[in-house]
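Please read the structure below before turning to the comments.
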Amino acid sequence: MKKLFALMLLPIFFVPLSAISTEKDIALSNEEKFELSASAATTSLYFDAIPQNPVLSQGSPSYKDANLTIPATNLPAGKSLKVMALIVNDQTIPIFKLADGTYLEASRQLIYDDVVASQETVDLTFWLEPSFKLYSAPYVSGVTEVKSNLSAYSKVHSVEKATTSHGTYYKVEDKGWVEGGALSSIDNRMVKVQQMLQTKYNKSNFSIYVKQLDTGASAGINEDKIMYSASVAKLATLYETQKQLQVGTIKLSDKFKYVEAVNQFKGAYKPEGSGNLSKVADNKEYTVEELLKAVAQHSDNVATNMLGYYVAHQYDSNFQTTINGLSDSDWNMEKRDLTARAAGNLMEAIYQQNGEIISYLSSTQFDDQRISKDISVPVAHKIGDAYDFKHDVAIVYADQPFILSIFTDKASYDDISNIANDVYAILK
């Protein structure tokens, strides 16, 4: 039986069979074709999703058809795009369909996603540059400027930092965002001071020198013009006395006798000038403290002469070398021809001493005039008057203390006050 069944099957094996194909054509979409054919390098060249804020990085034509054969219009570099769809055309190239119905290759070389790349919390202080612009957000395409009461050279505090394709931006308090290049990490207000002085006080009878003590930045008008300094030259005597107090050569309680010789050495002031001490030698003894206060607070000529005679050794060569070096000038105690810069330099040296004379210079009979008249913070200053010359040199204790040295010829005390007020308004 088994043999019979086998014989019956033999014809089947020898009958020709119709070929059945396993390679049936399957219709694939363009997108599927792209996925099958794309390599890693290819996918890195094209967007695989619609970008958040697409912008053209270079000029390019858009097209009326997805196969990019019929030009529609030329789009400029920097143009923001409104993308409606991401498709793949017949050439298996990813294409953006734009809101106006035109098409553009979805190339990362042609288009970039203009978004914030990174953001972090900071705690930084800056000063605004004149070029600053305030934005509602870290600048990317579409972000707008905002208005505020901020002005150039203002001190601002930043609490956030962000990076975009346009640069690094800092959030200024609750005002907005400013590009890093428009912010100075160093106090830049002295630039504004210089501009103000140049605009308002660039006159031949004004010599003005300003210096921030923390930053070393300075400004001035005719600051190296030589004028008769009058009592401003007494700063040298004050400095020398304070120096000897600090090294212990003398004490505030030490006493010196007022003899005629103190008014007769080279460089001595005329005793009949300013001050309350007797104009003629009275042979009384005065403490160093009394003499310092008399010079600093009342610009006393006799007190200056006594300190010059006993402490500064009649302005000997050692004294002269020291004062010339500090002031960067020829500080001649007899001629008293100085510049606003030289006087400012010596006042800075007194500031660095930080001694008793600072408190004396901060409480004088001249505080209701010149530099200190309208300024609300402490001011240590030394005035000088003679003939048509009226001067004042000060340490102004603003948040960042500064030196202000004003020499004038044929001007008024109010002129000095106005200059001081304008400088302080910027540096306070």
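The values are calculated or read from the model by the stated rules, or taken from the named source; none is laboratory data. All of these numbers come straight from a predicted model, not from anything done at the bench. Counting neighbours? That spans all protein chains shown, and the Cβs are built from the backbone with ideal geometry, glycine included.
Structure data summary
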{"item": "Residue that is modelled with the lowest pLDDT, among those in the range 210-234 that are more than 17 Å from residue 350 (Cα to Cα) and assigned to a loop (DSSP other than H, G, I, E, B)", "result": "215"}
{"item": "So residue 123, is it outside any loop (DSSP other than H, G, I, E, B), within 46 Å of the chain's Cα centre (by Cα) and loosely packed, with under 15 Cβ neighbours inside 10 Å", "result": "yes"}
{"item": "Answer residue from the range 398-428, given it is among the hydrophobic types (A, V, I, L, M, F, W, C) and not in a helix (DSSP H, G or I) and is farthest from residue 208 (Cα to Cα) among those", "result": "398"}
{"item": "Residue match in the range 66-85 (condition: assigned to a loop (DSSP other than H, G, I, E, B), over 25 Å from residue 28 (Cβ atoms) and among the polar types (S, T, N, Q))", "result": "no"}
{"item": "Filtered residues of the range 158-190 (kept if out of contact with any strand residue (DSSP E or B) (no Cβ under 6 Å at 6 or more places or on another chain), surrounded by fewer than 18 Cβ atoms within 10 Å (Cβ to Cβ) and assigned to a strand (DSSP E or B))", "result": "168"}
{"item": "Condition met for residue 252 (modelled with pLDDT of 95 or more, out of contact with any Pro (no Cβ under 7 Å at 6 or more places or on another chain) and surrounded by 17 or more Cβ atoms within 10 Å (Cβ to Cβ))", "result": "no"}
{"item": "Flag for residue 222 being over 21 Å from the mean Cα position of the chain (by Cα), buried (at least 18 other Cβ atoms within 10 Å of the Cβ), assigned by TED's automatic domain parsing to the domain that holds residue 323 and polar (S, T, N, Q)", "result": "yes"}
{"item": "Any hit, the range 308-327, residues being over 21 Å from residue 394 (Cα atoms), surrounded by 22 or more Cβ atoms within 10 Å (Cβ to Cβ) and of a type in the set (A, V, I, L, M)", "result": "yes"}
{"item": "Some residue of the range 235-245 being within 17 Å of residue 347 (Cβ to Cβ), more than 23 Å from the chain's Cα centre (by Cα) and not in a helix (DSSP H, G or I)", "result": "no"}
{"item": "Residues (surrounded by fewer than 16 Cβ atoms within 10 Å (Cβ to Cβ) and within 24 Å of residue 187 (Cβ to Cβ)) located in the range 379-399", "result": "399"}
{"item": "Residues located in the range 246-282, provided they are part of a loop (DSSP other than H, G, I, E, B), of a type in the set (A, V, I, L, M) and in contact (Cβ under 8 Å) with a residue 24 or more places away in the chain", "result": "250, 252, 259, 268, 277"}
{"item": "The range 86-111, residues that are in a loop (DSSP other than H, G, I, E, B) and either touching a residue at least 60 places away in the same chain (Cβ under 8 Å) or at negative phi (or both)", "result": "89, 90, 91, 92, 93, 99, 100, 102, 106, 108, 109, 110"}
{"item": "So residue 357, is it in contact (Cβ under 8 Å) with a residue 60 or more places away in the chain and under 27 Å from the mean Cα position of the chain (by Cα)", "result": "no"}
{"item": "Options 99, 117: the member that is modelled with pLDDT of 95 or more, surrounded by fewer than 16 Cβ atoms within 10 Å (Cβ to Cβ) and in contact with a Lys or Arg (Cβ under 9 Å, 6 or more places away or on another chain)", "result": "99"}
{"item": "Flag for residue 355 being in contact with a His (Cβ under 7 Å, 6 or more places away or on another chain) and small (Gly, Ala, Ser)", "result": "no"}
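Quick grid of which residues meet (1) farther than 20 Å from residue 366 by Cα; (2) aromatic (Phe, Trp, Tyr); (3) modelled with pLDDT of 95 or more:
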| site | (1), (2), (3) |
| --- | --- |
| 258 | yes, yes, yes |
| 263 | yes, no, yes |
| 286 | yes, yes, yes |
| 304 | no, no, yes |
| 309 | yes, yes, yes |
| 316 | yes, no, yes |
| 320 | yes, no, yes |
| 333 | yes, no, yes |
| 339 | yes, no, yes |
